[in-house]
Amino acid sequence: AQKVTQAQTEISVVEKEDVTLDCVYETRDTTYYLFWYKQPPSGELVFLIRRNSFDEQNEISGRYSWNFQKSTSSFNFTITASQVVDSAVYFCALSLGGSEKLVFGKGTKLTVNP
Amino acid sequence: EAQVTQNPRYLITVTGKKLTVTCSQNMNHEYMSWYRQDPGLGLRQIYYSMNVEVTDKGDVPEGYKVSRKEKRNFPLILESPSPNQTSLYFCASSAGATYNEQFFGPGTRLTVL
């Protein structure tokens, strides 16, 4: 069975600090897809990134970066120089190749204080 | 504008009174899904649909029904709501769940008294 663990329930940082959100996944499949979604206080869910199991390249998008490591089954998300607008709940999710199911982690609530 | 819409956005009802939450997307997506979000539990999939007339259970389907008669619509039906179905519900669509990101509706906050 597939599973996603986000061990950090809540994180609080001060603006401009760097912060890493952890995501550990479990699956026996060799083909799978990992996602990060953001849920700001307004409640909507916003897609951030997708990564497939065959692409271990790290990705950077502005202040956001993602570190995918199959050896440790992790797909961690780092925000550099955090800002108050980054305050949100962040979800990591996993889907398997050939399956239409998407399994979410329980989310990490990030609070960035001014 | 590409979007997923849900109605109603807020609903307070009583135990046993049948209700339907509508979901519609204008992106011609084949895949649609329903999730519920509860504190400390994240999002859990209720039902999903890979295309018209094709639906399947997610992880928490008990107490819910769905139908997919048209590609754009995927209503969630609670035949006899109970207080443990009080939750925040999200509908989502994508061109295919496996590798494409899902687009989420704004959410429906349901309270069952």
Query raised in the report: Is it true that some residue in region B:34-46 is out of contact with any Pro (no Cβ under 6 Å at 6 or more places or on another chain), surrounded by fewer than 16 Cβ atoms within 10 Å (Cβ to Cβ) and touching a residue at least 24 places away in the same chain (Cβ under 8 Å)?
Result: yes
Query raised in the report: Hey, among B:ARG44, B:ARG68, B:ARG72, which residue is out of contact with any helix residue (DSSP H, G or I) (no Cβ under 8 Å at 6 or more places or on another chain) and at the interface with chain A (Cβ under 10 Å from one of its Cβ atoms)?
Result: B:ARG44
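If you go through region A:73-87 one residue at a time, how many are assigned to a loop (DSSP other than H, G, I, E, B) and within 21 Å of A:ASP55 (Cα to Cα)?
So the answer is 1.
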Query raised in the report: So which strands (runs of 3 or more DSSP E) stay within region B:48-113 end to end and still have 2 or more residues that are modelled with pLDDT under 95 and either open to solvent by less than 70 Å² (accessible area, probe 1.4 Å) or not hydroxyl-bearing (Ser, Thr, Tyr) (or both)?
Result: B:54-57, B:87-94
Query raised in the report: Residues of region B:23-47 being closer than 30 Å to A:GLN8 by Cβ and not in a strand (DSSP E or B), which ones?
Result: B:PRO39, B:GLY40, B:LEU41
Query - Criterion: closer than 24 Å to B:ALA92 by Cα, buried (at least 17 other Cβ atoms within 10 Å of the Cβ), charged (D, E, K, R) and within 14 Å of chain B (Cβ to nearest Cβ) - qualifying residue of A:LYS101, A:LYS3 - result: A:LYS101
Report task. Please go through region A:80-90 and pick out each residue that is touching a Ser or Thr at 6+ places or on another chain (Cβ under 8 Å) and surrounded by 20 or more Cβ atoms within 10 Å (Cβ to Cβ). Result -> A:VAL89, A:TYR90
Requested in this report: Would you be able to say whether some residue in region A:51-65 is of a type in the set (Ser, Thr, Tyr) and at the interface with chain B (Cβ under 8 Å from one of its Cβ atoms)?
Outcome: no
Requested in this report: Determine which single condition B:LYS71 fails, assuming it passes every other condition in (1) free of Cβ contacts under 8 Å to residues at least 60 places away in the same chain; (2) within 28 Å of A:TYR90 (Cα to Cα).
Outcome: (2)
Report task. Please verify whether region B:8-30 includes one or more residues that are hydroxyl-bearing (Ser, Thr, Tyr), at pLDDT 95 or above and touching a Gly at 6+ places or on another chain (Cβ under 8 Å). Result -> no
Requested in this report: Would you mind listing the strands (runs of 3 or more DSSP E) fully within region A:6-66 where at least 3 residues are in contact with a Gly (Cβ under 8 Å, 6 or more places away or on another chain) and in contact (Cβ under 8 Å) with a residue 24 or more places away in the chain?
Outcome: A:32-39
Query raised in the report: Taking the condition over 15 Å from the mean Cα position of the chain (by Cα), among the aliphatic types (A, V, I, L, M) and at pLDDT 95 or above, does A:VAL14 pass?
Result: yes
Query raised in the report: Residue check: is A:SER95 open to solvent by less than 60 Å² (accessible area, probe 1.4 Å), under 15 Å from the mean Cα position of the chain (by Cα) and farther than 20 Å from B:SER94 by Cβ?
Result: no
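The values are calculated or read from the model by the stated rules, or taken from the named source; none is laboratory data. This is a predicted model, so every value here is computed, not measured. Please note: Cβ atoms are built from the backbone with ideal geometry, for glycine as well, and neighbour counts cover all protein chains shown. We work out accessible area using only protein heavy atoms, side chains counted, and drop any ligands, DNA or RNA first. Shrake-Rupley method; radii C 1.70, N 1.55, O 1.52, S 1.80 Å.
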